[in-house]
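Below: one structure in structure tokens.
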Amino acid sequence: MSAFAEEIALPSVEVRAESLQEINMPSPNSSDTASLLENEPGVSLYRAGGVSSLPVIHGLADDRIRIKVDGMDLISSCANHMNPPLSYIDPSNVENIKVFAGITPVSVGGDSIAGTIIVNSAAPEFAKDGQDLLIKAQIGTFYRSNNDARGVNLSTSVANDKVYMRYTGSTVEANNYRAGGNFKSTLSPAVRSWLSDGEVVGSSYYKARNHALAFGVVHENHLVELKLGLQDIPYQGYANQRMDMTGNDSKQFNLSYNGQYGWGNLEARAYHEETRHSMQFGDDKQYWYGTMPPLASGMPMDTEGKTTGVNVKADINLSQRDTLRVGAEYQRYRLDDYWRASPPGGVMNTMMGPNTFWNINNGQRDRYDVFAEWEAKWSPQWLSQLGLRSSTVKMNAGDVVGYNNAITIPMGMMTMPGYKPAADAFNALNHKNTDNNIDITALARFTPDAGQTFEVGYAMKTRSPNVYERFAWSNSNTMVMNMVNWVGDGNGYVGNLNLKPETAHTLSATANWHDNAQQNWNLKVTPYFTYVDDYIDAVACAKVGKVCAARPDGFVNLSLDNQSARLYGVDVSGKMALANGGGFGDFSAFGALNYVRGKNRDTGDDLYNIMPLNAKFALEQKLGGWTNTIQAKLVDSKDKVQAVRKELKTAGYGLLNLYSSYDWKNARFDLGVENVFDKYYADPLGGAYLGQGATMGTSVLQGVVVPGMGRSVNVGLTLKY
């Protein structure tokens, strides 16, 4: 019988600063795959759309993290990063997640400085030799009371001993959620679709549909898989952006090979992903602009992104002691970001016509990587790992044009600057850029006995800027600058062609004490320190030689520049079995504490959106088929905020959550009550509230943080065959 006959167990690096989550059943508490990381030490989330949160590792977020979904390196194709990689897989289709924080091996990390997140759907399962077809099916449904979220997910597979096929599909729809109290008293009601209820968080609704097909063929120790994915998000509101998603259609093609040989293991993959993304003002935001005909009918924005990748990796067993991992990767990315005139065929006296505005024209980002990693088991107690990665990133973009070619635009008694000067200035510059980046990792692990493990490591990691950071060009108009913002702070941004790659130097250590079987108790402590050269941070436009439009609404227009940053912190996590057996079942306690501090070394300013000191504690009871959990979340006040972005402070808070589930042989019932006491709190990483009103104008004022969700009762039912 082949090595793949029952279940694929893909090879993994034996020593990694990682944790592995097994996602056994879909959770009814969220439709956002990033939310599966909430209890991971060192991980927090930028809350964005309902299915599109951005993960943060040790204070570094978004593109600073490498995210692989079923082996594909996906890229967000949106000026607001509304379609991040984790949004392309539904939680019900996730089997496990690996988080590499701190010292990330070069074999799994590249073009990133914070770490790596690897998300995998279910591994293929084949029937045993001589058995009938192996048929499995699972269907689940859920409801969440706070935002009336409801959805269905389905998974079914069929296989013999050589071939398998699996389909997974999901759909979810939700209304705006409610905070735990009123928070909008400072906003003017004189706007379209005013939400009179002060607890309703505008533009937090969403709808998403995902479909995935997988086919696999196994022969002896060789497996070939083809995975196809389709996503359709008809709408997704954004409470911390001035626009909403009005369409996101994605197609994914993913072909992989895995083979086991006498000398080791060989993996190869080729993938292609296409995204067609649209933004416009949703129902909670003002749509018509202007004081006389022809009025501007919203602001249509379209993005087309294409990502193609090929990678090969080999694990070579040099000896009983030594393993060599070598590999090569290629990624090709193309992006067009264009905004059609409004109204269609617009006139010269409108700010949004008559041309199509090209924000990014034929943006290109190609990456070529090779790496080698040597792992040595010197003794049962000592193990080391050394890695080197070379990465070449080539970027380019075509010439651009604004809505009009006039130097000034008549606006009643005033004139407004046109787009031509900024477009001409950008077009006159060389857009080509090549970065030659190097990553180095070194890690040592000492296991003196079965009850304790110690690791220490150093990593030098490099990330080149993304397409928007380098090529977003318009600095003369606040409306346009507002639309280039992937951090949710409400400010406007213009890119910088002169940006250098970021280089992070990280020192990290981990001490892990546990019982011999690692079942009854463990305590893990990980302090870390990171220094980033050429950290890409927000700066006043004048600092990089740009003149940006002034604004009266409390927000600011900014650019980007290379500076230096320092981050340090500690993750502490542990568990303990309190009681085993007895009439009341098994009791266990879990806890985690995270602290990170970030500082801009050049300016003395704090870094943006750093999660304050926070802790989670849970008490779990298992009795028969029941699992019951009481969880407390405690978050300190956020007092260290970034002045240049006018980041807002938030107060500390505590939340209580209750979860219960019952497992039958072929069914599972879930019940949860989150934020039991309906506590109002401002989300420390929620960003500026822009969920309603004239978000393209100046009547939405700076000063309100997006609040977290109030009390919600969540139920789910899953049936298995």
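The values are calculated or read from the model by the stated rules, or taken from the named source; none is laboratory data. A quick note: this is a predicted structure, and the numbers were derived from the prediction, not measured. Neighbour counts run over all protein chains shown; Cβ positions are idealised from the backbone, glycine included. Surface areas here come from the heavy atoms of the whole protein model, side chains and all, with no ligands, DNA or RNA. Shrake-Rupley method; radii C 1.70, N 1.55, O 1.52, S 1.80 Å.
So G309 fits all but one of (1) under 18 Å from G327 (Cα atoms); (2) surrounded by fewer than 17 Cβ atoms within 10 Å (Cβ to Cβ); (3) among the small types (G, A, S); what number is the exception?
(2)
From T291, T308, grab the single residue that is touching a strand residue (DSSP E or B) at 6+ places or on another chain (Cβ under 6 Å) and polar (S, T, N, Q).
Step by step, each of T291, T308 is checked, and only T308 is touching a strand residue (DSSP E or B) at 6+ places or on another chain (Cβ under 6 Å) and polar (S, T, N, Q).
How many residues, within the range 128-176, are assigned to a loop (DSSP other than H, G, I, E, B), among the aliphatic types (A, V, I, L, M) and crowded, with 22+ Cβ neighbours inside 10 Å?
Residues that pass the stated criteria total 0.
Table: residues versus (1) assigned to a helix (DSSP H, G or I); (2) of a type in the set (V, I, T); (3) open to solvent by less than 10 Å² (accessible area, probe 1.4 Å).
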{"residue": "F454", "(1), (2), (3)": "no, no, no"}
{"residue": "P465", "(1), (2), (3)": "no, no, yes"}
{"residue": "N498", "(1), (2), (3)": "no, no, no"}
{"residue": "T503", "(1), (2), (3)": "no, yes, no"}
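Of the residues that sit in the range 227-265 and are among the charged types (D, E, K, R) and assigned to a strand (DSSP E or B), which one is farthest from L213 (Cα to Cα)?
Across the range 227-265, the extreme among qualifying residues is D244.
Tell me which residues, restricted to the range 68-120, are closer than 26 Å to L443 by Cβ and of a type in the set (V, I, T).
Listed by number, the residues that qualify are V69, I97, V99, I103, T104, V106, V108, I113, T116, I117, I118, V119.
For every residue, the table says whether it meets (1) touching a residue at least 24 places away in the same chain (Cβ under 8 Å); (2) under 30 Å from N562 (Cβ atoms); (3) acidic (D, E); (4) not in a strand (DSSP E or B).
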{"site": "I630", "(1), (2), (3), (4)": "yes, no, no, no"}
{"site": "A643", "(1), (2), (3), (4)": "yes, yes, no, yes"}
{"site": "N657", "(1), (2), (3), (4)": "yes, no, no, no"}
{"site": "S699", "(1), (2), (3), (4)": "yes, no, no, yes"}
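Which of the residues that make up the range 197-214 are in a loop (DSSP other than H, G, I, E, B) and buried (at least 17 other Cβ atoms within 10 Å of the Cβ)?
Once the filter is applied, which keeps residues that are in a loop (DSSP other than H, G, I, E, B) and buried (at least 17 other Cβ atoms within 10 Å of the Cβ), the range 197-214 yields E199, V201, G202, S203, S204, Y205.
Within the range 519-538, can one find any residue that is among the charged types (D, E, K, R), surrounded by fewer than 24 Cβ atoms within 10 Å (Cβ to Cβ) and closer than 20 Å to P41 by Cα?
For the range 519-538, residues among the charged types (D, E, K, R), surrounded by fewer than 24 Cβ atoms within 10 Å (Cβ to Cβ) and closer than 20 Å to P41 by Cα: present.
Turning to a different aspect of this structure: Output the residues belonging to the range 579-595 that are over 18 Å from G625 (Cβ atoms) and either exposed (fewer than 14 other Cβ atoms within 10 Å of the Cβ) or of a type outside the set (A, V, I, L, M, F, W, C) (or both).
Within the range 579-595, A579, G591, N594, Y595 meet the criteria.
For the range 413-443, give me the residue count where each residue is open to solvent by 30 Å² or more (accessible area, probe 1.4 Å) and in a strand (DSSP E or B).
So the answer is 10.
Same structure again: Could you say which residue among T116, T104 is of a type outside the set (D, E), closer than 27 Å to D366 by Cβ, assigned to a strand (DSSP E or B) and open to solvent by less than 10 Å² (accessible area, probe 1.4 Å)?
The conditions single out T116.
Also, I was wondering about something else. Which condition breaks for S77 when tested against (1) crowded, with 24+ Cβ neighbours inside 10 Å; (2) in contact with a Gly (Cβ under 7 Å, 6 or more places away or on another chain); (3) in a strand (DSSP E or B)?
In the conditions (1) crowded, with 24+ Cβ neighbours inside 10 Å; (2) in contact with a Gly (Cβ under 7 Å, 6 or more places away or on another chain); (3) in a strand (DSSP E or B), S77 misses (3) alone.
While we're on this one: Return the residue satisfying two criteria in turn: it lies in the range 292-306 and is touching a residue at least 40 places away in the same chain (Cβ under 8 Å) and either open to solvent by 60 Å² or more (accessible area, probe 1.4 Å) or not in a strand (DSSP E or B) (or both), and of such residues it is farthest from N466 (Cα to Cα).
In this case the residue turns out to be P294.
Take the residues in the range 21-57 that are within 21 Å of F100 (Cβ to Cβ) and at pLDDT below 50; name whichever of them is least open to solvent (accessible area, probe 1.4 Å).
I23
Among the candidates T627, T603, which residue alone is open to solvent by less than 40 Å² (accessible area, probe 1.4 Å) and of a type in the set (S, T, Y)?
One residue alone meets the criteria, T627.
Then there is this: I'd like the full set of residues that are hydrophobic (A, V, I, L, M, F, W, C) and part of a strand (DSSP E or B), limited to the range 307-333.
Result: V310, V312, A314, I316, L324, V326, A328.
Restricting the search to the range 638-665, which residues are at pLDDT 95 or above and exposed (fewer than 14 other Cβ atoms within 10 Å of the Cβ)?
If the condition is that a residue be at pLDDT 95 or above and exposed (fewer than 14 other Cβ atoms within 10 Å of the Cβ), then D639, A643, K649, G654 are the ones that fit.
Picking from D561, D515, D553, which residue would you name as being more than 30 Å from S588 (Cβ to Cβ) and open to solvent by 10 Å² or more (accessible area, probe 1.4 Å)?
Answer to the check: D561.
Quick check: anything in the range 273-283 among the hydroxyl-bearing types (S, T, Y), out of contact with any helix residue (DSSP H, G or I) (no Cβ under 8 Å at 6 or more places or on another chain) and in a strand (DSSP E or B)?
Scanning the range 273-283 turns up at least one residue that is among the hydroxyl-bearing types (S, T, Y), out of contact with any helix residue (DSSP H, G or I) (no Cβ under 8 Å at 6 or more places or on another chain) and in a strand (DSSP E or B).
Going by what's in this entry, would I65 be described as closer than 20 Å to V570 by Cα, of a type outside the set (K, R) and touching a Ser or Thr at 6+ places or on another chain (Cβ under 7 Å)?
Against the criterion (closer than 20 Å to V570 by Cα, of a type outside the set (K, R) and touching a Ser or Thr at 6+ places or on another chain (Cβ under 7 Å)), I65 qualifies.
Going through R321, R365, R334 one at a time, which residue ends up being open to solvent by 50 Å² or more (accessible area, probe 1.4 Å), at pLDDT 95 or above and more than 19 Å from E267 (Cβ to Cβ)?
Just a single option satisfies the conditions, and that option is R321.
Say whether the condition of being at pLDDT 95 or above and assigned to a strand (DSSP E or B) is met by at least one residue in the range 487-494.
yes
Restricting attention to the range 215-224, and to residues there that are in a strand (DSSP E or B), surrounded by fewer than 22 Cβ atoms within 10 Å (Cβ to Cβ) and not β-branched (V, I, T), which single residue is modelled with the lowest pLDDT?
Per the stated criteria, the residue is H219.
Let me ask another. So K616 passes all but one of these: (1) under 15 Å from S573 (Cβ atoms); (2) surrounded by fewer than 17 Cβ atoms within 10 Å (Cβ to Cβ); (3) of a type in the set (D, E, K, R). Which condition number does it fail?
Result: K616 fails condition (2) only.
Show me the strands (runs of 3 or more DSSP E) found entirely inside the range 505-615 where at least 2 residues are in contact (Cβ under 8 Å) with a residue 60 or more places away in the chain, in contact with a Ser or Thr (Cβ under 9 Å, 6 or more places away or on another chain) and under 20 Å from Y468 (Cβ atoms).
Ranges flagged: 521-540.
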